[in-house]
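Participant: Shown below is the structure under consideration.
The values are calculated or read from the model by the stated rules, or taken from the named source; none is laboratory data. Predicted model only: the values in this text are computed from it and were never measured. We place every Cβ from the backbone using ideal geometry, glycine too, and count neighbours over all the protein chains shown.
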Amino acid sequence: MKGIKGKVAFITGGNSGIGKATALAFAREGAKVVIAARRQKEGGEVVQEINKMGGEAVFVRTDVREATQVETAVKKTAETFGRLDFAFNNAGILNKLGPIDQLSIDEWNDSIATNLTGVWLCMKYEIQQMVKQGGGVIVNNSSTHGLISTPFGVSPYDATKSGVIGITRSAAMENAKRGIRVNVVCPGEIDTPMMKLDLSDAQLARILSRQPMGRGGTPEEVAEVVLFLCSDGASFMTAASIVIDGGLIAT
């Protein structure tokens, strides 16, 4: 994709699922990649995979709930590669399912800290770097749960993913004249380790039965959209919410 080669991409949660697929896609297009995540072993494996492709990548252990760790990760990106062109704020969790009256305050707070505050913190430090260098592109990862709800007991997840769409729009408006574009992707049911880990076989079957295309999406299908939003082909796109769901919310 035009405008990707030779640039620098920073990806949170880049050690598995959609984040890993996006890291590999950026590397394939010739970008230098920074993997920011909590699990060092898996992050190191993605770096090795990129290096075997002939690309350049580094891993920075980062908990997006911690401001100092996020700030350090963004600074290390600029120190290592000289700049920060693209950021994909992808790290997120899906906590225990259940109705609002049966969930604990800890489960609520953990979802907010990771899925919403984490995205806000990442943008805070990414934007500071991008302003210094004259521009950049940010893509946040929300979900179709940010646009519609379900009876599956995921109120904390729904709330955070709706919030990600809101702060994406705010950031886009604040930075439109500073050369920084900010968009958000809203994947539907994607075949990722998190989805398989947090849902039972019966829950998965129920979810996939609603899919108009008869299947869930792949991480690679989301990654291609993220790359497009960062490319020159999307140069007039900001504050956009791009749904990648196989037609789910149309039902």
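Participant: Looking only at residues in the stretch 1-36 that are among the hydroxyl-bearing types (S, T, Y) and surrounded by 23 or more Cβ atoms within 10 Å (Cβ to Cβ), which one is nearest to T62 (Cα to Cα)? First the steps, then the outcome.
Facilitator: Taking the stretch 1-36 as the starting set, the residues that turn out to be among the hydroxyl-bearing types (S, T, Y) are 12, 16, 22.
Imposing the further condition that a residue be surrounded by 23 or more Cβ atoms within 10 Å (Cβ to Cβ) reduces the set to 12, 22.
On the way: T12: 8, T22: 18 Å.
Looking at residues that are among the hydroxyl-bearing types (S, T, Y) and surrounded by 23 or more Cβ atoms within 10 Å (Cβ to Cβ), I get T12.
Participant: Continuing with this model, one more query. With the stretch 1-119 as the region, which strands (runs of 3 or more DSSP E) entirely inside it contain at least 1 residues that are free of Cβ contacts under 8 Å to residues at least 60 places away in the same chain and of a type in the set (A, V, I, L, M, F, W, C)?
Facilitator: On the way: elements: 8-12, 32-37, 57-61, 86-89.
Those strands (runs of 3 or more DSSP E) span 32-37, 57-61.
Participant: I'm trying to understand the selection: among the residues of the stretch 197-223, which are in contact (Cβ under 8 Å) with a residue 60 or more places away in the chain and in a helix (DSSP H, G or I)?
Facilitator: If the condition is that a residue be in contact (Cβ under 8 Å) with a residue 60 or more places away in the chain and in a helix (DSSP H, G or I), then D198, Q203, P219, E220, V222, A223 are the ones that fit.
Participant: If you don't mind, another one. Hey, A78 hits all of (1) modelled with pLDDT of 95 or more; (2) surrounded by fewer than 24 Cβ atoms within 10 Å (Cβ to Cβ); (3) over 21 Å from C230 (Cα atoms); (4) not acidic (D, E) but one; which does it fall short on?
Facilitator: Every listed condition holds for A78 apart from (3).
Participant: Here's a follow-up. For the stretch 226-237, state whether one or more residues are modelled with pLDDT of 90 or more, under 23 Å from T114 (Cα atoms) and either in a helix (DSSP H, G or I) or not hydroxyl-bearing (S, T, Y) (or both). Please lay out each step first, then the result.
Facilitator: Let us first name the residues in the stretch 226-237 that are modelled with pLDDT of 90 or more, namely 226-237.
Those left that are additionally under 23 Å from T114 (Cα atoms): 226.
In the following step, the residues that additionally are either in a helix (DSSP H, G or I) or not hydroxyl-bearing (S, T, Y) (or both) were identified as 226.
Within the stretch 226-237, one or more residues are modelled with pLDDT of 90 or more, under 23 Å from T114 (Cα atoms) and either in a helix (DSSP H, G or I) or not hydroxyl-bearing (S, T, Y) (or both).
Participant: Taking only pairs six or more apart or across chains, which ones have beta-carbon atoms under 7 Å, a first residue in the stretch 224-251 that is closer than 28 Å to Q211 by Cα, and a second residue that is of a type in the set (G, A, S) and not in a helix (DSSP H, G or I)?
Facilitator: Filtered contacts from the stretch 224-251: I244/G188; I244/G217; D245/G188; G246/G188; G246/G217; L248/G188.
Participant: So which residues in the stretch 130-160 are part of a helix (DSSP H, G or I) and of a type in the set (G, A, S)? Give the derivation first.
Facilitator: Applying the first criterion (part of a helix (DSSP H, G or I)) to the stretch 130-160 yields 130-133, 144-146, 155-160.
Those that are part of a helix (DSSP H, G or I) and of a type in the set (G, A, S): G146, S155, A159.
Participant: State which residue is nearest to R169 (Cα to Cα) when the search covers only the stretch 199-220 and only residues that are out of contact with any helix residue (DSSP H, G or I) (no Cβ under 8 Å at 6 or more places or on another chain) and buried (at least 17 other Cβ atoms within 10 Å of the Cβ).
Facilitator: G217
Participant: D232 - would you say it is within 22 Å of G134 (Cβ to Cβ), touching a Gly at 6+ places or on another chain (Cβ under 7 Å) and surrounded by fewer than 21 Cβ atoms within 10 Å (Cβ to Cβ)? Even if it seems obvious, please write down each step before you answer.
Facilitator: Values: within 22 Å of G134 (Cβ to Cβ): yes; touching a Gly at 6+ places or on another chain (Cβ under 7 Å): yes; surrounded by fewer than 21 Cβ atoms within 10 Å (Cβ to Cβ): yes.
Yes; evaluated as a whole, the condition is true for this residue.
Participant: Taking only the stretch 176-196 into account, find how many residues are buried (at least 20 other Cβ atoms within 10 Å of the Cβ) and either among the charged types (D, E, K, R) or touching a residue at least 60 places away in the same chain (Cβ under 8 Å) (or both). I'd like the intermediate steps shown before the answer.
Facilitator: Residues of the stretch 176-196 that are buried (at least 20 other Cβ atoms within 10 Å of the Cβ), as a first pass: 180-190, 192.
Subsequent filtering for residues that are either among the charged types (D, E, K, R) or touching a residue at least 60 places away in the same chain (Cβ under 8 Å) (or both) retains 181, 187-190, 192.
Residues flagged as buried (at least 20 other Cβ atoms within 10 Å of the Cβ) and either among the charged types (D, E, K, R) or touching a residue at least 60 places away in the same chain (Cβ under 8 Å) (or both) within the stretch 176-196 amount to 6.
Participant: Follow-up question, since we're still on this one. Restricting to the stretch 161-195, name every residue that is within 25 Å of R39 (Cα to Cα), part of a helix (DSSP H, G or I) and under 14 Å from the mean Cα position of the chain (by Cα).
Facilitator: Once the filter is applied, which keeps residues that are within 25 Å of R39 (Cα to Cα), part of a helix (DSSP H, G or I) and under 14 Å from the mean Cα position of the chain (by Cα), the stretch 161-195 yields K161, V164, M194.
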